[in-house]
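Below is one structure, written out as structure tokens; comments come after it.
None of the figures in this text is laboratory data; all of them are computed from the coordinates on show. This one's a predicted model, so the numbers in the text were calculated from it and none came from an experiment. Reconstructed Cβ throughout: ideal geometry from the backbone, glycine too, with neighbour counts over all protein chains shown.
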């Protein structure tokens, strides 16, 4: 039978991250492709204890259907946590519990986008977000990234253009894939432009709590007094990805629409997961917990950066992020990006080409994203040393 798929499905592509991992499988496999937390950063013993507490306290209720908006216990504790250091959420804001932050991005695009609508995005940025936007009919216009955030002049030009964009997607803390952090001045400028041109900001903050260097900066949502910012926060990177608990926060009117879409997708995020997360937030000194996780990643990031400095060809350019889970490097123009990725895969090392995060994937891109959170210390040293030798080989210098 020939299946007649929906137009929105025909154009959907698989994850380039998964593709990179599959290609590199084999003996001695090292993955720098995935963005998983370090197992040491997942508080298994405490989550296990709290799970038992939840079961004893709530009984059969945890196995029932739940409210689409999410449990009041988690929404209350989440608000306290998000506002721990800054007044991010205001009185007029509400919270929807989503099954992972990507679901929140999908719901946001579902409630705002019509077929053919234009949205703006940092370029490069999270490929999973692009897939959500395109699946809901959007045309994405990329805005060039600089080391301190998006090009503000280009952003204003795009916001002022026709057709009018529906929203601007940004990852201001440790952009995925580049690791860039948007400066305080640019955060204020982005919000000012959103108000001036009446464009929604979709602020994605999956990595914001994983800061290991530099100055802590307020979310763009902190400046929001007009309801222009929709804020997506994840608990995956700081507690547990498998619990699938994330938060979509914004004006009550928007969240009311989002709740309806959530109910159509999966009815609700599992009650057990939400109650465990709520108790974890309530019982834990989150500043100390985050500091513990950040210390783990700081050491790994430092090790990866030092190994790159010792082994990479001098024509390869890279910086050191202030947090997050990734380091991004640029190969010289005379190296073919796909050749590099393929050669790494032959050594059973998975890396992700930067083109996977470009708004227009065919465009010239020579960046590579590598992850330091999930590989072990030995894997970082071994894998980066081998990749370093590869840079020399492809650049014309053979290392023995």
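Report, for the stretch 76-211, the % of DSSP beta bridges that are antiparallel, rounded to 5.
If we restrict to bridges inside the stretch 76-211, about 15 percent are antiparallel.
Would you mind ranking 334, 197, 3, 169 so that the residue whose beta carbon has the fewest other beta carbons within 10 Å leads the list?
Starting with the residue having the fewest Cβ neighbours, the order is 3, 334, 197, 169.
Specify the angular offset, from 0 to 90 degrees and rounded to the nearest 10, of the alpha carbon long axis of helix 377-395 from the longest principal axis of the alpha carbons in the chain.
50
How far is the Cα center of the stretch 178-209 from the Cα center of the stretch 265-344, in Å?
Centre-to-centre (Cα) distance: 20 Å.
For the stretch 44-284, what does the relative contact order come out to in percent, with C-alpha contacts under 8 Å and a separation of six or more?
Result for the stretch 44-284 is 30 percent.
I'd like the orientation of helix 72-82 relative to the chain: the angle between its Cα long axis and the longest Cα principal axis, in ° from 0 to 90, rounded to 10.
50
Within a 10 angstrom radius of the beta carbon, how do 184, 130 rank from fewest other beta carbons to most?
184, 130
Hey, fewest Cβ within 10 Å first, where do 157, 343 land in order?
157, 343
Cα axis of helix 252-265 to longest principal axis of the chain: angle in degrees, 0 to 90, nearest 10?
Approximately 70 degrees, to the nearest 10.
Given the chain, what percent of its DSSP beta bridges are antiparallel, to the nearest 5?
In the chain, DSSP labels about 55 percent of beta bridges as antiparallel.
Which one is right for this structure if semi-axes √(5λ) of the Cα gyration tensor in Å is calculated from it: (i) 35, 30, 21; (ii) 43, 26, 18; (iii) 33, 26, 21?
Entry (iii).
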